[in-house]
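Structure record follows, encoded as structure tokens.
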Amino acid sequence: MTLILPPSIDDDLLPMIRTCGINAIPGEISRHRPDLIISICGDTRDRARADGYLADHDVPVLRMNFDDVERVQSNMIAPSIDAFETLFADIDQLFPVQPVGNLLVHCSMGVSRSSATALVAAGHIAKGFYTDLDEATWARDLVSQFFERQPFSAPNQRVLSIGERLLGTLGRHIRKEVQSEMGRPCENGGILSCP
């Protein structure tokens, strides 16, 4: 899935964002040559598969380990603020002068964790490089384009909540726009909603 960023932001300065499931990693890397990969896995089988696909490529990989859960549950790793603070610090350290060029975010299926993390990461990148950002307009454009290209994504609500907490107003706008898009009818007559 390709995300072209909103025209309200200079397209040359913000990343081209792609999301995918584990099995699509090799094709996405060879076709789109990401500058950074965010690899999200919950269990060791997924991590081993993903790392196998990522091993032969000379691309920085930021690994996140959490399950696709929206609240803390026993035997599951929930997304955490600490994990996203670390992600943001790693992005800033790898790309201190200009934003990430091409960003690939994967999870098991490319639907929930990767979608939410991609949106939150894009918000962090935008906040870091644009001081006069019209946050409401930018979030609306970003989320609208995201759902146009991947209408059946279901961004993880806990990740969006973490984004809201860490990004402030911009995170709140992103979460609100996602909730609005997910309640919108699809062209095929269905409703966009969390599975």
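Across GLN73, GLN98, GLN157, mean-square fluctuation computed from a Gaussian network of the chain (C-alpha pairs under 10 Å connected) peaks at GLN73.
Exposure proxy ranking for ASP56, ASP35, based on other Cβ atoms within 10 angstrom of each Cβ and starting from the fewest, stands as ASP56, ASP35. Applying 0.36 nm per residue to the separation of SER180 and ASN23 and subtracting their alpha-carbon distance, the gain on full extension is 53.5 nm. Panel order for VAL143, VAL105, by other beta carbons found within 10 Å of each beta carbon, from fewest to most: VAL143, VAL105.
Within the range 92-186, the chymotrypsin sites (Phe, Trp or Tyr not before Pro) that combine a DSSP coil assignment with at most 14 other C-beta atoms in a 10 angstrom radius are PHE152. 3J(HN,Hα) couplings calculated from phi for the range 114-121 with the Karplus curve 6.51 cos²θ - 1.76 cosθ + 1.60 (θ = phi - 60°) are, in sequence order, 5, 4, 5, 5, 4, 5, 5, 5 Hz; Gly and Pro show x.
The slack between ASP56 and PHE129, meaning 0.36 nm per residue of separation minus the straight C-alpha distance, is 23.1 nm.
Taking amide H as placed 1.01 Å from N in the peptide plane, ARG63 has its amide H under 5 Å from the amide H of SER39, each at least 5 places away in sequence or on another chain. Computed over the range 2-182, relative contact order equals 28 percent, with contacts defined as Cα pairs under 8 Å that lie 6+ residues apart. With θ taken as phi - 60° and the Karplus curve 6.51 cos²θ - 1.76 cosθ + 1.60 applied, the whole-hertz 3J(HN,Hα) list for the range 97-103 is 9, 9, x, 4, x, 10, 10 Hz, x standing for glycine and proline. With θ taken as phi - 60° and the Karplus curve 6.51 cos²θ - 1.76 cosθ + 1.60 applied, the whole-hertz 3J(HN,Hα) list for the range 123-131 is x, 4, 4, 4, 4, x, 10, 10, 7 Hz, x standing for glycine and proline. Ordering ILE77, ILE174, ILE125 from the fewest to the most neighbouring beta carbons within 10 Å gives ILE77, ILE125, ILE174.
Out of [x] 114; [y] 194; [z] 123, which label holds the value of volume of the Cα convex hull per residue in Å³ that was computed here? Evaluating volume of the Cα convex hull per residue in Å³ on these atoms matches [x]. Return the FRET efficiency for the residue pair ARG71, ARG49: r is the Cβ-Cβ distance, R0 is 41 Å, and the value is rounded to the nearest 0.05. According to the calculation, E is roughly 0.95. Comparing ASN23, ASN102, ASN75 in a Gaussian network model of the chain where C-alpha atoms under 10 Å apart are linked, the largest mean-square fluctuation is found at ASN75.
Amide hydrogen proximity for ASN102: with H placed 1.01 Å from N in the peptide plane, the residues at 5 or more positions away or on another chain lying under 5 Å are MET16, ASP35, LEU36. Helices in the chain, meaning DSSP H runs of at least 4 residues, each add -39500 (n - 2.57). Divided by all residues, the mean residue ellipticity at 222 nm is -14500 deg cm²/dmol.
Any read-out appearing in this document is the output of simple, stated calculations on the displayed coordinates, not a laboratory observation. Just so you know, these numbers come straight off a predicted model, no measurement behind them. Glycine gets a Cβ as well: all are built from the backbone with ideal geometry, and neighbour counts include every protein chain shown.
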